1. In this structure, does Phe106 turn out to be in contact (Cβ under 8 Å) with a residue 60 or more places away in the chain and either surrounded by 14 or more Cβ atoms within 10 Å (Cβ to Cβ) or among the hydroxyl-bearing types (Ser, Thr, Tyr) (or both)?
2. For the stretch 38-64, give me each residue that is under 17 Å from Phe170 (Cβ atoms), open to solvent by less than 20 Å² (accessible area, probe 1.4 Å) and either at pLDDT 85 or above or not assigned by TED's automatic domain parsing to the domain that holds Asp11 (or both).
3. Under the condition of being touching a helix residue (DSSP H, G or I) at 6+ places or on another chain (Cβ under 8 Å) and either of a type in the set (Val, Ile, Thr) or without any contact (Cβ under 8 Å) to a residue 40 or more places away in the chain (or both), which residue from the stretch 72-84 is surrounded by the most Cβ atoms within 10 Å (Cβ to Cβ)?
4. Among the residues that make up the stretch 21-43, is at least one of them of a type outside the set (Gly, Ala, Ser) and without any contact (Cβ under 8 Å) to a residue 12 or more places away in the chain?
5. Working carefully through the options Leu98, Leu127, find the one that is outside any helix (DSSP H, G or I) and modelled with pLDDT of 90 or more.
6. State whether one or more residues within the stretch 120-141 are within 25 Å of Gly54 (Cβ to Cβ) and either in contact with a helix residue (DSSP H, G or I) (Cβ under 6 Å, 6 or more places away or on another chain) or crowded, with 18+ Cβ neighbours inside 10 Å (or both).
7. Ala154 - would you say it is touching a residue at least 12 places away in the same chain (Cβ under 8 Å) and crowded, with 19+ Cβ neighbours inside 10 Å?
8. Only one of (1) more than 16 Å from Ile35 (Cβ to Cβ); (2) modelled with pLDDT under 85 fails for His201. Which number is that?
Amino acid sequence: MTPETLIEVKDLNFSYDTRAILKGIHMTMPRGKVIAIMGGSGSGKTTLLRLISGAIQPTSGYVKFAGQIVHELDRDALFKLRRKMGMLFQFGALFTDLSVFDNVAFQIREHTNLPESMIRDLVLMKLHAVGLRGAHHLMPAELSGGMARRVALARSIALDPTLIMYDEPFTGLDPISLSVIGNLIRRLTDALGMTSIVVTHDVQESLKIVDYVYFIADGVIAAQGTPSEVRDSVAPFVHQFVHGEEDGPVPFHYPAQAYQKDLNLEDTFA
């Protein structure tokens, strides 16, 4: 693990009971880069984020974050490590009974002893970074979907994390909001020197902003590469995913017995 590497994932396996989700995953994520994790629904992308954060423990293998093996840390050390991590949930997950200002201030108040005057300055600075300083007094119910996602992003950078993980940050957004969020992820990563992991199905928007892509299929790394390598890939799974094709390695039809048998018409077709 080099000084430029923030996260090292080595021979990572995870199972729910006897159902294997991740099978021998290897990844390296440098500091200051945007990394996309792509794959079909249920392929283990969000599970990987939970393993990186220490919310669950691997069956075998490890995740190393900033030189520390995450699942070997005790409770206090894990909480300390998590202060270096931010998380943007799929639909923002704002506290509905707190204002925009108090949503962003929440973890600063929880994890520091800063005076309110300094907290106010920090919150307004984070909201300004996402273009919503003027909305600090609004309640979540008064926000559009894109605005709520930006407030959640301001909250995730409140403690200046080393890593931010985004779980489907583009879901449900109109084209303008989608572009805004994508550009914010890129600009904040560059400005703050942090690492960003983006779990997403939105291939085209992601390829505009990321530095590297990992594709997960059937619990393994099916493909990986830079955006240009991904766009030009002739690997069947990657080509189908990038171009949104109906059939391919991921079939349109769920496995089934012969159609005639399901219709009890085998004698007719004999």
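1. Spelling it out, it is not the case that Phe106 is in contact (Cβ under 8 Å) with a residue 60 or more places away in the chain and either surrounded by 14 or more Cβ atoms within 10 Å (Cβ to Cβ) or among the hydroxyl-bearing types (Ser, Thr, Tyr) (or both).
2. Matches in the stretch 38-64: Met38, Lys45, Leu49.
3. Arg82
4. No, because not a single residue in the stretch 21-43 is of a type outside the set (Gly, Ala, Ser) and without any contact (Cβ under 8 Å) to a residue 12 or more places away in the chain.
5. Answer to the selection: Leu98.
6. Within the stretch 120-141, one or more residues are within 25 Å of Gly54 (Cβ to Cβ) and either in contact with a helix residue (DSSP H, G or I) (Cβ under 6 Å, 6 or more places away or on another chain) or crowded, with 18+ Cβ neighbours inside 10 Å (or both).
7. Against the criterion (touching a residue at least 12 places away in the same chain (Cβ under 8 Å) and crowded, with 19+ Cβ neighbours inside 10 Å), Ala154 qualifies.
8. Unmet for His201, out of (1) more than 16 Å from Ile35 (Cβ to Cβ); (2) modelled with pLDDT under 85: (1).
The values are calculated or read from the model by the stated rules, or taken from the named source; none is laboratory data. The model shown is predicted, which means the values in this text are computed figures rather than measured ones. Don't worry about glycine lacking a Cβ; one is built from the backbone with ideal geometry, like all the others, and counts go over all protein chains shown. Each accessible area value is taken on the protein alone, full model and side chains, heavy atoms only, with ligands, DNA and RNA left out. Shrake-Rupley method; radii C 1.70, N 1.55, O 1.52, S 1.80 Å.
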